[in-house]
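The values are calculated or read from the model by the stated rules, or taken from the named source; none is laboratory data. All values derive from a computational prediction rather than experimental measurement. Cβ: placed from backbone, ideal geometry, glycine included. Neighbour counts: every protein chain shown. What goes into the accessible areas is simple: the full protein's heavy atoms, side chains included, and nothing from ligands, DNA or RNA. Shrake-Rupley method; radii C 1.70, N 1.55, O 1.52, S 1.80 Å.
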Amino acid sequence: MIIRSYQPSDAAPTLALFRDTVQKINAKDYTADQIAVWAGHERSLAAWHASFMKPVALVAVDEAEIIIGFADMASDGYLDRLYVSAAHQREGVGKRLVAALEQRVASPQYKAYVSITAQPFFKTVGYSTIREHRAFIGTTSFRNYLMGKKVRM
């Protein structure tokens, strides 16, 4: 596995990976209606790509150079997205992506809003739950958690 910077050609495969992961992995913790809204939320490919241009955005690729995960973090340490292919769960992809982001973004504290599904993973990489949170896509409500990790600088 190689971790590299996001490139414009990664837009379509990362969007497809995102939708597939939400439908296959997050479905155990969210309702069918929530999954449909989350995965189907209207995102143009151009808007998806543009959202990767400001933060530090990384992709994990396998030996065939297929994207198996991606993540991004703002300069203030806010980890916005972390998604790993359903076929590559529990292989260390997420841990490698988080470690690579934290190496590239120096911050006294990292934060992320994480799904019910992702909360146990984030605990394994040193994040603690700060509070439960309600996120909305349109009028659909999603329970998630604000988690943080303090760093000694």
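Quick one: Cα centre-to-centre distance for the stretch 109-123 and the stretch 1-56, in angstrom?
Centre-to-centre distance over Cα atoms comes out at 17 Å.
Assigning unit charges at the beta carbon (Lys, Arg +1; Asp, Glu -1) and nothing else, what dipole magnitude in debye, to the nearest 20, does the stretch 108-153 show about its Cα centre?
Roughly 180 debye for the stretch 108-153.
Within the stretch 26-57, which residues have the backbone N less than 16 Å from the label spot 7 Å out from ALA16 along Cα→beta-carbon, could you tell me?
Once the point is set 7 Å along Cα→Cβ of ALA16, 45-46, 49 turn out to lie under 16 Å by backbone N, inside the stretch 26-57.
So, R0 is 35 Å and r is the distance between the beta-carbons of ALA47 and ILE116; what FRET efficiency does that work out to, to 0.05?
0.85
Counting only protein heavy atoms, what percent of the accessible surface of the chain is carbon or sulfur at a 1.4 Å probe?
53 percent
Tell me, rounded to the nearest percent, the portion of alpha carbon pairs in the chain spaced more than 18 Å apart.
Counting pairs separated by more than 18 Å, the tail of P(r) holds 58 percent.
What relative contact order, as a whole-number percentage, does the stretch 65-114 give when Cα pairs under 8 Å and 6 or more residues apart are counted?
43 percent
DSSP loop (so not H, G, I, E, B), at most 16 other Cβ within 10 Å: list which trypsin sites (Lys or Arg not before Pro) in the stretch 57-153 pass both filters.
ARG90, ARG152
Looking only at the stretch 51-75, which residues have a backbone nitrogen under 17 Å from a spot 7 Å from the Cα of ARG4 in the C-beta direction?
Answer for this model: 57-71.
From Cα pairs below 8 angstrom and at least 6 apart in sequence, can you work out the relative contact order of the chain, rounded to a whole percent?
Taking the mean separation of contacting Cα pairs over the length of the chain, I get 22 percent.
Tell me the per residue accessible area of the chain using a 1.4 Å probe; a whole number in Å² is fine.
Accessible surface, normalised per residue, equals 54 Å².
To the nearest 10 square angstrom, how much accessible area does VAL56 have with a 1.4 angstrom probe?
For VAL56, the solvent-accessible surface is approximately 50 Å².
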